[in-house]
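Report on one structure; see the data block that follows.
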Amino acid sequence: MVIEVEDDGRGMDWMRIRDVAVRRGLINAEEAASLTPGEAVNLIFQPGFSTRDAATELSGRGVGMDIVKTNIARLSGMIDVNTDLGRGTIFSITLPVTLAIIQALVIQSAGHTFCIPLNSVLESIMVETREIGTVEGHEVITLGGRTLPLLQLSRLFGLKPLHKNYRDPNRLYVVVVGLAQHRVGLVVDELLGQQDVVIKPLGSAVRNVPGIAGATELGANRTVLLLDVGRLVDEGVRQSDAAYQIGGGHVR
């Protein structure tokens, strides 16, 4: 996908941009002498670059275009500049069409961080351990008059807890997720907040792992997996149905 932002202003003077970059210490005179016009124009993406001599409340601090380029790079995209002195400038932003940006709830389980699509999250609650019952070995709680099956993410993915993260060992975080009329509670260690994330497809090594839908980055090159709520709900419903068929639906 290509997004073009165009103006009909006076364009950018590449020689002035080059000279300002030298004056501000972003490059030295030798480097400036070897720059092509296109390379000189791209200096506007350098942190701290501004052609203004004095900063105002709105501009001149050199913290604009470098942020634009950084955020586009996080989306695995690129930005190109085509400027014509006296006629205007065109910025072309190219982004992969496979990207999807969603709101996600960031959680932690056994020292590992995961994301849950926010549109699948119904509520987040704190549960006393004494409120947890079992149906044929499967953990459940009663919520709103209904029996809610629980899934421990650490057990589901075979994660060995690094340490206890609970502020109170007698209380657990439960994220209630839903698909159609079905509900499942995901037991997690911590709720780290909400964030807009860019979802990328998984590589072949983990593409078929049940319960994982994709991956994203949460800054500092930290890759985090996105949970497949549909598969998790299916698993919770399957365990619940099997337990009720065997145990007759009695919660202990």
Item to check | Matching residues in segment 1-18 - criterion: being assigned to a helix (DSSP H, G or I) and surrounded by fewer than 15 Cβ atoms within 10 Å (Cβ to Cβ) | outcome: Met15, Arg16
Item to check | In segment 129-145, the residues that are of a type in the set (D, E, K, R) and in a loop (DSSP other than H, G, I, E, B) | outcome: Glu136
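Hey, among the residues in segment 40-75 that are among the hydroxyl-bearing types (Ser, Thr, Tyr) and not in a helix (DSSP H, G or I), which one's modelled with the highest pLDDT?
Quick first cut of segment 40-75, residues among the hydroxyl-bearing types (Ser, Thr, Tyr) only: 50-51, 56, 59, 70.
Retained after the next criterion (residues that are not in a helix (DSSP H, G or I)): 50-51, 56, 59.
Numbers: Ser50: 80, Thr51: 75, Thr56: 65, Ser59: 61.
Out of the qualifying residues, it is Ser50.
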Next on the checklist: Would you confirm whether or not segment 198-207 contains a residue that is at pLDDT 85 or above, farther than 22 Å from Val233 by Cα, within 25 Å of the chain's Cα centre (by Cα) and among the aliphatic types (A, V, I, L, M)?
Outcome noted: yes
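The values are calculated or read from the model by the stated rules, or taken from the named source; none is laboratory data. If you're wondering where the values come from, they're calculated on a predicted model, not measured in any experiment. FYI the Cβ positions are ideal-geometry reconstructions off the backbone, even for glycines, and counts take in every protein chain you see.
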